[in-house]
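The values are calculated or read from the model by the stated rules, or taken from the named source; none is laboratory data. Here the structure is a predicted model, which is why all the values come from computation and not from measurement. Quick reminder, even Gly has a Cβ in these numbers, built from the backbone with ideal geometry, and neighbours come from all protein chains shown.
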Amino acid sequence: MNSIFVNSKNVFLDIVNAKDYIQLDQVSTIYQALKDSIKKPLKMILLYGKPGTGKSMFLNKLYKDLSSTQKVYLYQTPILDESEFYKTLAQDLFETKYSGELNFTQFMKIVESKKTEDIPVVLLDEAQLYSEVLMEKIRLLSDTRTVKFVITLHKTEKEDIIAKEHFQTRIWETIELENASSIELKIYIQKKLMKANCFDSANMFTNKAVNKIHKITNGNYRDTNKLLYTLFELYESYESSNHHRAIRTNNISNKIIEMSAIHTGLIDA
Amino acid sequence: MLNITDLEKRWIRYKVKFYIPHLSIFISLSVILSIFFSFSNNTQEPNDIPHVVKEEPLLVASKESKIKVTPVPISKQETRVIHSTKKVKLSPSLDFMKKMQNSIQPYYNNEVSNKPYTVQKVQKVEAPKIEVVEKEKVLIPEYIPPVKVKKISIKRQNTQNDIYEIITRFKKNNNPALSLFVAKKYYELGDYQQAYNYALITNKINMEIESSWIIFTKSLVKLGKRDKAISTLKKYIKQSHSSGARILLDEIYAGRFK
């Protein structure tokens, strides 16, 4: 039988799954804005933010929610080869299999021939990995209004330039995702644990402990997941080595948080 | 499974590293504060000193003002001063005599000044000098020391008339200091016979005054009675072992004193 620490640890495995999406006030508002934007006749929607702010989770949640009502295609890993990219889109969006090389002109002919009223939505994660040439082609494709794109970008200086130079005139909606505040982080942690029926673990997170975690992770969801995974692993280790008397289990101590941060590299010791 | 012991060690190192800057800031702040307070204490001390200094002149002024404003204590103080000046006033007269001796016989300065007869003189000379002071009472009630007055009055006694005054005073109180003074004065003026007489009188009153015996023998030499002077000196040396008399005897023998 797994202890509560093992179950709690597994809650914070860094896996992008729409089922694990946690409804937070700010995130809900942004998500609703994104859903509304997709209904509008926009060419392109840009979702950007620092790594670990939940962009991938957003796209997954959006894909899960929209897939039942309209044509949505999610590409979590970028297809870097241009021909491969066109061939994949032609097959998924227009159910056209193409053998051999497919260039942009040939693909545009397919798009025009298969034009429908139900405009497909293509969700591209990690768009900063696409080449500038391919991004230019995606821009031209979105101009035809036959395909709607939602792309996510890491917010860096270089990616800002890409966004400005290639997409600024085409992007109708930009949504920025930010790190969680201390209160949001507490809700995030507790909701996540309670979703997995780890109520005892959820009660261990006092405001003081969450503030400490927030100070270390800066409210970044990915870092928080990583830290809390290690934290419960530590509790598990104390428990299995019969040293659990040395630690408090009614609340999370700063010492354990700091030890977890040291182990994960969030604190330079 | 995580290595708890290793992680705990790393955590302790982290905490030490974390508190080092806090500790250093605290220590530096405490050092700065201690230096600041020590400086502030030092700067306060000089402020205290002027207060004290200021108070002292105030006290002095108050004393002075008391003397000036209240007449009764002044009169008491004056009488006290007069009594004290009676004693003090006599000592300058001796100084004067010493000066006189210096001008005549430079070798006997120390011996003459060390003589105890000054006390006797003080008692006997008091009476005439009190009169002088009493005259001055009205004129100088507070500040003028009577010493200056005496010196001035004694310096006037360089004339023959002054010698007579002292002779009359000697006749009244029979003070050997006065007769010795007269003898020295006569010797200085070249009246060796009178010098011999007054030295003889002095020796009769007090046989232990060395300078009197020296004036006596010197006068004898000057009067041409060298042998008598030598025999007198020898007798005196036998009794008193006076070095001054011995030096004079040697000089007479050597012919340096004629």
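Key figures for this structure:
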quantity: Hits in segment A:189-204 - residues which are over 19 Å from A:Ser253 (Cα atoms) and of a type outside the set (Gly, Ala, Ser); calculated: A:Lys191, A:Lys192, A:Met194, A:Lys195, A:Asn197
quantity: Residues within segment A:229-269 that are over 30 Å from the mean Cα position of the chain (by Cα), free of Cβ contacts under 8 Å to residues at least 24 places away in the same chain and not in a helix (DSSP H, G or I), tallied; calculated: 5
quantity: Condition broken by A:Ala202, with the remaining ones in (1) assigned to a helix (DSSP H, G or I); (2) within 12 Å of chain B (Cβ to nearest Cβ) satisfied; calculated: (2)
quantity: Matching option when the condition is surrounded by 14 or more Cβ atoms within 10 Å (Cβ to Cβ), at pLDDT below 80, within 26 Å of the chain's Cα centre (by Cα) and over 30 Å from A:Asn10 (Cα atoms), among A:Ile119, A:Ile171; calculated: A:Ile171
quantity: All positions within segment B:219-244 that are assigned to a helix (DSSP H, G or I), hydroxyl-bearing (Ser, Thr, Tyr) and touching a helix residue (DSSP H, G or I) at 6+ places or on another chain (Cβ under 6 Å); calculated: B:Ser219, B:Thr232, B:Tyr236
quantity: Pairs with Cβ under 7 Å, 6+ apart, first in segment B:14-41 and within 14 Å of another protein chain (Cβ to nearest Cβ), second not in a helix (DSSP H, G or I); calculated: B:Tyr14/A:Ile267; B:Tyr14/A:Ala269
quantity: Hits in segment A:222-251 (condition: more than 9 Å from chain B (Cβ to nearest Cβ), touching a Ser or Thr at 6+ places or on another chain (Cβ under 7 Å) and modelled with pLDDT of 90 or more); calculated: A:Asp223, A:Thr224, A:Lys226, A:Leu227, A:Leu231, A:Phe232
quantity: Residue count for segment A:94-114, restricted to those that are outside any helix (DSSP H, G or I) and surrounded by 19 or more Cβ atoms within 10 Å (Cβ to Cβ); calculated: 1
quantity: Answer residue from segment A:66-93, given it is without any contact (Cβ under 8 Å) to a residue 40 or more places away in the chain and assigned to a helix (DSSP H, G or I) and is farthest from A:Phe104 (Cα to Cα) among those; calculated: A:Asp92
quantity: For A:Gly219: the one exception among (1) closer than 21 Å to A:Lys55 by Cα; (2) of a type outside the set (Val, Ile, Thr); (3) more than 14 Å from chain B (Cβ to nearest Cβ); (4) assigned to a helix (DSSP H, G or I); calculated: (4)
